[in-house]
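The values are calculated or read from the model by the stated rules, or taken from the named source; none is laboratory data. Being a predicted model, the structure only gives us computed values, none of them experimental. Quick reminder, even Gly has a Cβ in these numbers, built from the backbone with ideal geometry, and neighbours come from all protein chains shown.
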Ligand code: AHR
């Protein structure tokens with residue numbers, strides 16, 4: 001927000017305008033009736049020079065006149081007028097510029113801006129808002145670091161739990177799922193098991209400033225490597241490498257994503273597309289360790305003058321954690337190459353073009369009921385051209401269309417829609433694809449949008465085609481290969497049976513602007529008419545409150561959207577003090593998909609404290625499982641050394657998977673589910689609300705099982721009387737206890753499981769800073 005300017009019009013409405021950056025042909029606008037609550041921002045696109053500065057606004061007979069100075073080599077002034085801040089007249093050059101700003105000194109400091117006379121009531125409302133915000137922030141920023149002082153007078157904490165067996169409700173059977181986004185190298189170099197980096201020579205400076213088509217390839221010997229695009233394997237994958245070998249001894253090398261991990265005796269599929277002008281060229285393919293030791297090598301005879309795929313299986317004689325691939329032509333001449341791939345056969349469920357086994361297994365161990373894909377911001381992209389287009393990510397790998405990743409690297413889209421749906425099937429999880437709502441990310445850095453400014457938007461006359469793409473996705477996933485071309489593509493890829501797509505998310509925490517609403521409504525109505533069986537998930541902005549949240553929910557009520565996707569990243573204190581967040585929700589409105597959340601401490605570590613805050617929130621979601629349909633922590637995966645976002649649920653490097661404490665909480669919730677929530681009363685013998693807010697509990701039950709989860713975010717243990725849970729010794733088959741506890745800043749706490757006796761319930765304690773789950777298996781159905 002640069003150089004804001006404010007006007008109160010004759011009806012009392014406040015209008016704020018400000019400039020954004022030196023490139024975009026736009027400015028920002030928002031209005032308010034009380035200077036406290038603001039309508040969502042709009043970014044009108046208007047001619048009128050670059051580097052706009054010193055905006056000004058005045059009320060006039062035409063409505064409102066807006067003027068600005070465009071400062072390039074010269075300064076030019078422009079004016080436009082509007083009645084409604086949606087439609088603007090064509091900007092005209094102007095010879096002068098009225099600046100409403102004045103400079104005044106306050107407390108010795110010179111400040112420049114517009115000055116306004118406001119009622120005391122307006123001022124008081126603003127002061128109240130600031131006071132309330134500051135008060136809430138003081139609660140939400142409480143951390144365990146101050147617990148010693150906060151609870152210095154607290155000695156023993158005692159309480160009791162009573163279960164009200166005859167008060168229960170049905171809750172969602174898909175409360176815990178996963179959010180997969182290609183952020184932090186989650187896909188290429190991560191879950192996608194391809195070992196060669198830049199296999200198609202498609203890296204470019206658009207992905208990252210310092211990259212080009214030859215990045216991560218190294219040439220040794222008397223030869224040159226040129227990148228050409230005149231005769232590609234496929235137009236979607238335009239570049240290929242042309243090696244001109246002047247002398248034998250040339251080696252083209254690739255170290256993958258920071259070194260290739262290979263295991264002795266395991267099988268690796270090597271393949272490339274190649275051609276030579278004439279005759280034959282033997283090409284030696286080797287895997288070599290850092291000492292130059294050859295782990296395996298074979299020769300391929302390239303014998304075609306048009307693109308042909310060559311494949312071999314390589315079996316390294318010993319393991320290495322930083323091997324490299326070497327391609328060594330054994331004669332001089334010209335060799336064209338593309339889609340150079342080295343793929344372990346040992347992938348998750350042994351899928352071809354599959355997923356890294358240890359990482360995928362770690363995800364499977366969460367027992368996720370659904371998988372969201374492809375984001376996050378990757379779904380709506382950095383500008384219209386960067387929106388994730390599912391059609392570019394299916395079919396033969398050489399025909400897929402790679403693209404820049406808005407997190408500053410490259411997406412080969414080798415892990416595309418087909419692999420995603422197949423992974424869901426392998427996990428027995430529901431696919432929840434997220435499609436952009438016809439608008440890119442509101443924080444897009446691209447500035448060539450045709451409509452709507454910073455957020456942009458697909459031109460309305462192109463929306464029919466865009467909606468058709470979404471219809472095609474449904475047909476690709478669910479259609480009949482005999483009658484539908486997209487379904488046939490699915491069948492040809494090896495999946496004749498429908499995938500059974502039921503949910504589609506439209507939008508990702510978008511700015512709820514007019515540009516968004518128009519496009520979302522078109523998509524929503526079209527889907528409702530053509531595919532009424534598909535459950536559409538709408539979006540309520542990036543925060544737990546504020547204008548996008550309010551407007552997003554307004555859209556939901558207007559259109560009767562079945563489920564709304566909420567996102568919020570909050571400090572642990574927010575979760576502690578917002579345990580009633582969903583208790584307050586209207587049971588008759590849309591259900592909630594909490595699509596992204598995490599507890600963020602200053603410096604963004606992930607530890608027992610953040611995990612316990614997330615557990616408190618999951619307990620609240622379980623209690624509200626009648627309206628909270630789904631939840632997914634975000635982001636999911638992060639490659640160490642390649643993160644754009646912290647904290648994440650699972651860290652990894654090329655060889656090791658490192659689940660966080662939060663991961664184990666998700667795993668416990670994912671594997672201990674039920675569809676019945678039983679009301680209970682947790683009574684803590686204290687008047688200290690700060691103390692009471694740090695203990696939470698939920699009770700759920702299946703036919704022969706009762707699951708009780710507790711969080712104690714206090715520095716002392718809590719003695720809990722369980723007499724009133726009203727389960728007698730004779731009812732019980734077994735009791736298993738799972739706990740996680742330790743120092744709140746600990747990052748390596750793991751669950752500890754033990755069996756308990758009925759007698760142990762008599763002396764039950766929640767350990768300091770702990771999560772505890774009792775899993776009580778009953779001899780027969782407990783009917784109370
Ligand atoms: O989870 C990381 C990012 O956070 C997502 O891409 C985006 O939706 C949110 O802002």
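Here are some notes:
- Test: residue 677 is in a helix (DSSP H, G or I), away from the ligand (no atom under 16 Å from the Cβ) and touching a helix residue (DSSP H, G or I) at 6+ places or on another chain (Cβ under 9 Å): no
- Matching residues in region 490-511 - criterion: being modelled with pLDDT of 95 or more and within 27 Å of residue 543 (Cβ to Cβ): 503, 504, 505, 506, 507, 508, 509, 510
- Matching helices (runs of 4 or more DSSP H) fully within region 463-563 where at least 2 residues are under 22 Å from the mean Cα position of the chain (by Cα): 463-478, 514-530, 547-559
- For region 1-101, the strands (runs of 3 or more DSSP E) that sit wholly inside it and include 3 or more residues that are surrounded by 14 or more Cβ atoms within 10 Å (Cβ to Cβ) are 2-8, 14-19, 28-32, 52-60, 63-71, 75-82.
- Selection from region 343-352 of residues that are crowded, with 19+ Cβ neighbours inside 10 Å and either within 16 Å of the ligand (Cβ to nearest atom) or not in a helix (DSSP H, G or I) (or both): 343, 344
- Flag for residue 444 being in a loop (DSSP other than H, G, I, E, B), over 18 Å from residue 434 (Cβ atoms) and within 16 Å of the ligand (Cβ to nearest atom): no
- Among all positions in region 141-151, there is no residue which is at pLDDT 95 or above, touching a strand residue (DSSP E or B) at 6+ places or on another chain (Cβ under 9 Å) and under 29 Å from residue 671 (Cα atoms).
- Within region 175-203, the residues that satisfy the criterion of being under 16 Å from residue 407 (Cβ atoms) and within 16 Å of the ligand (Cβ to nearest atom) are 179, 180, 181, 182, 183, 184, 185, 186, 187, 190, 191.
- Residue list for region 743-760, restricted to those being touching a strand residue (DSSP E or B) at 6+ places or on another chain (Cβ under 8 Å) and surrounded by fewer than 20 Cβ atoms within 10 Å (Cβ to Cβ): 750, 751, 752, 753, 754, 755, 756, 757, 758, 760
- Looking only at residues of region 526-553 that are over 24 Å from residue 578 (Cα atoms) and without any contact (Cβ under 8 Å) to a residue 12 or more places away in the chain, we find that the one that is surrounded by the most Cβ atoms within 10 Å (Cβ to Cβ) is 528.
- Residue 435 closer than 22 Å to residue 565 by Cα and either more than 16 Å from the ligand (Cβ to nearest atom) or without any contact (Cβ under 8 Å) to a residue 40 or more places away in the chain (or both): no
- Taking region 220-235 as the range and being crowded, with 17+ Cβ neighbours inside 10 Å and under 37 Å from the mean Cα position of the chain (by Cα) as the test, the residues that pass are 232, 233, 234.
- Considering region 226-290, the qualifying strands (runs of 3 or more DSSP E), each wholly inside and each with 1 or more residues that are farther than 16 Å from residue 323 by Cα, run over 240-245, 268-275, 281-288.
- Residues (in a strand (DSSP E or B) and away from the ligand (no atom under 16 Å from the Cβ)) located in region 365-400: 370
- Test: residue in region 205-212 that is under 22 Å from the mean Cα position of the chain (by Cα), within 19 Å of residue 236 (Cα to Cα), in a loop (DSSP other than H, G, I, E, B) and away from the ligand (no atom under 16 Å from the Cβ): yes
- Of all residues in region 101-134, those satisfying the criterion of being under 29 Å from residue 62 (Cβ atoms) and within 43 Å of the chain's Cα centre (by Cα) are 101, 112, 113, 114, 115, 116, 118, 122.
- Among the residues of region 505-517, those identified as out of contact with any helix residue (DSSP H, G or I) (no Cβ under 7 Å at 6 or more places or on another chain) and away from the ligand (no atom under 16 Å from the Cβ) are 513, 514, 515.
- Members of region 112-128 found to be surrounded by 12 or more Cβ atoms within 10 Å (Cβ to Cβ) and in a strand (DSSP E or B), listed by number: 113
- For region 625-663, filtering for residues that are surrounded by 21 or more Cβ atoms within 10 Å (Cβ to Cβ) and either on the phi > 0 side of the Ramachandran plot or more than 16 Å from the ligand (Cβ to nearest atom) (or both) leaves 5.
- Taken residue by residue, region 484-494 has no member that is touching a helix residue (DSSP H, G or I) at 6+ places or on another chain (Cβ under 9 Å), closer than 30 Å to residue 84 by Cβ and more than 16 Å from the ligand (Cβ to nearest atom).
- Residue selection: residue 247 satisfies the criterion of being touching a residue at least 60 places away in the same chain (Cβ under 8 Å), loosely packed, with under 14 Cβ neighbours inside 10 Å and within 24 Å of residue 331 (Cα to Cα).
- Entry remark, region 327-342: residues being surrounded by fewer than 20 Cβ atoms within 10 Å (Cβ to Cβ) and not in a loop (DSSP other than H, G, I, E, B) number 2 in total.
- Among (1) within 16 Å of the ligand (Cβ to nearest atom); (2) in contact (Cβ under 8 Å) with a residue 40 or more places away in the chain; (3) in contact with a strand residue (DSSP E or B) (Cβ under 6 Å, 6 or more places away or on another chain); (4) within 23 Å of residue 610 (Cα to Cα) - the single one residue 566 does not satisfy: (2)
- Output for region 583-624, where each listed residue is more than 29 Å from residue 146 (Cβ to Cβ) and either in contact with a strand residue (DSSP E or B) (Cβ under 6 Å, 6 or more places away or on another chain) or within 16 Å of the ligand (Cβ to nearest atom) (or both): 590, 591, 592, 593, 595
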